[in-house]
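Have a look at the structure below before the remarks.
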Amino acid sequence: MAGRSLENLVKRYGGIGSKPQAAKGPMPGPKHGPGHGPGHGPATGKPQDAKRTMMRILSYVAIYWKRMVGALLCMLLSTAASLAGSYILRPIVNAIADGSTSAADRVAYLLMMAGVLACVYLTGVLGTYFQHRLMIVVSQSSIEKIRNDLFNKLQSLPVRFFDNESNGEIMSRFTNDVDNIGTMLDSSITSLVSGAITLVMTLALMLYTNIWLTLITVVFIPIFAKGGALIMKRSRKYYAAQQAALGAVNGYIEENVSGQKVVKVFCHEDVCEEEFGKLNDDLRGKQMMAQFFGGIMGPIMGNTSQISYSLTAGIGGALCALGRFDVGGLAVFVNYSRQFSRPINELSQQMSTIFSALAGAERVFRIMDLDPEAPDAPDAKAPEKLEGHVVLDDVTFGYVPGKTILKHISLYAKPGQKIAFVGSTGAGKTTITNLLNRFYDIDSGTITIDGVDIHDLKRDVLRRNIAMVLQDTHLFSGTIMENIRYGRLDATDEEVIAAAKTASAHSFIKRLSDGYDTVIEGDGANLSQGQRQLLNIARAALSKAPILVLDEATSSVDTRTERLIEKGMDRLMEDRTTFVIAHRLSTVRNANAIMVLENGEIIERGDHDDLLAMKGRYYELYTGMKELT
């Protein structure tokens, strides 16, 4: 069985980081509607603006400018000590070469200068120690802020974003990409600043020692710059492609690990291995090119500096032979020549880290620059309590322009009423509840609660008044008590237990080894599907929201568990406005009104008996299958 092509795999799993896009603007809609998989753009992998990205990274560092100033002073002290120690060699060498003094005098002089050198180098060691301590604090604090900003941004993005992106690709931003930025701040930034200080101070001392030998070294600077620029240009492209390919691999792994049971049920292990092999091979190729261009700069710069060093030593030796230069000065200058090229070599060796960081930073900042959910209107209302009178009036909506999902939907629901939606898959049932929560905004028409347009309500107020129990349960790491309390964080233990009793969950919780303190593992892997759903219902009960949405809440459990869940839901629905989406028609027989949807339109409405008497689509479904597929 053949797997998907590499192009399709990268397109699907590469995420927004693989395709440069405008920093601002409307976010694209899901390819197949919400919950039906990500729709990703093609991978291009070329960074847009390395300079702007670097400046943006440095803006995080600048927040801690006081520590940066301290680190800079320590760098200056360390560099000055290193250069001063080298210059002290000049009189030492000249004293040794001077045969006019006695051996005892030379030894005494050497001992004295050794003490001076020890003090100078100890000062340099202390400067280096405090410089690294300060820079570690700055770099890790900056990374903490970047992660916080990225996480906070995710909380503000609309549901549309998460419908389009794989979890693995998003997680790659927090791990690989942010870690690469941290590595650069830990080492590369320090090397860059320290190297620049060393270059300037070394060049000044070289000019002071011998201007003619300095010119030889200066001649090679354009060669270093040109060679480095050419390699950097190629490296940036490959490192960006590497990060995008890494995100695709992470996305594929995350999806297949979470769906491993499905893979095994359909015997798709070989196909998954083949597809992963394609993505992994693509990553390997891009990593090889990135590492090659990132690693080749060091040797090239090192060999070029050796040519400069050899010329300096040869010409300097000739000047000494002609009496135009002293031996101590030549020893010092040769040492400075090495020190001058060392920062360039060190920086060239840091290029791979810098390029990985810039590529990762572009992917991180691309998320940060996405538009958040539209802000609440300045005069948005925040009523203390909503009753739950819900009206949809001529609502039309489509996830993407030109493709309408819901067409002229009108209905109303009063507190205590149960409104059911039935229809074929893709008819628009879940879409209605997404609009009710303002996960998406309607194209035309109005939705009101208690006579107030939902666009005139604050989002947090709207969503606090709507509790949802979905088919796909999600539990967080923590105890059962903490998971139920997620419905209302200020709830007491007694209120949590009361909510569990309402949901018919109390009895099974008490049978667990640690009761309400039982720790949930792996999204509830140590619980059955029915038990997880009962906890979801308890969470909704605790919220005390006047509006309840049940989206196929019993479709994946057995009949006995379904009855237990229905008992909990019946208690939960008392005095609440309830919207039920169900495949099993037996679960909606007692609904006050049943809406039959097809192709985004309500084609029938009424209670169970009325719809059966009409002998229309609902009658066909009920008498034919009694369950939608």
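The values are calculated or read from the model by the stated rules, or taken from the named source; none is laboratory data. If you're wondering where the values come from, they're calculated on a predicted model, not measured in any experiment. As a convention, Cβ positions derive from the backbone with ideal geometry for all residues, glycine included, and neighbour counts pool all protein chains shown. Areas reflect the complete protein model, heavy atoms only, side chains present, ligands, DNA and RNA absent. Shrake-Rupley method; radii C 1.70, N 1.55, O 1.52, S 1.80 Å.
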Placing each pseudo-label 7 Å from Cα in the direction of the beta carbon, N280 and M113 end up separated by a distance in nanometres of 6.1
Roll a 1.4 angstrom probe over the protein heavy atoms and tell me the percent of accessible area of the chain that is carbon or sulfur. 58
Summarise the long-distance tail of P(r) for the chain by giving the % of C-alpha pairs beyond 33 Å. 61
Can you tell me the FRET efficiency between A321 and Y208 if r is taken as the Cβ-Cβ distance and R0 is 25 Å, rounded to the nearest 0.05? 0.65
Assuming a strict under-23 Å limit between Cα atoms, what lysine pair count do you get for the range 335-438 once near-sequence pairs (fewer than 8 apart, same chain) are dropped? 8
Near the amide H of S410, under 5 Å away, which other amide H atoms are found, from residues 5 or more places off or on another chain, if H is placed in the peptide plane? D394, V395
In Å², what does the accessible area per residue of the range 406-500 work out to with a 1.4 Å probe? 41
Contour minus Cα-Cα distance for E574 and N437 (0.36 nm per residue): 47.2 nm
Stretch gain in nm, segment R511-I136, where the contour uses 0.36 nm per residue and the Cα spacing is subtracted: 130.0 nm
Rounded to the nearest 10 degrees, what's the angle between the helix 103-156 long axis and the longest principal axis of the chain, both from Cα atoms, 0 to 90? 20
Please report how far the C-alpha centroid of the range 142-215 lies from that of the range 429-498, rounded to the nearest whole angstrom. 39
Would you please name the chymotrypsin sites (Phe, Trp or Tyr not before Pro) within the range 409-516 that are DSSP coil residues with at most 13 other C-beta atoms within 10 Å of their C-beta? F476
Keeping all protein chains in place, calculate the accessible area per residue for the range 125-249 (probe 1.4 angstrom), answer in Å². 44
Multiplying the sequence separation of V262 and D393 by 0.36 nm and subtracting their Cα-Cα distance, what value in nm do you get? 43.1 nm
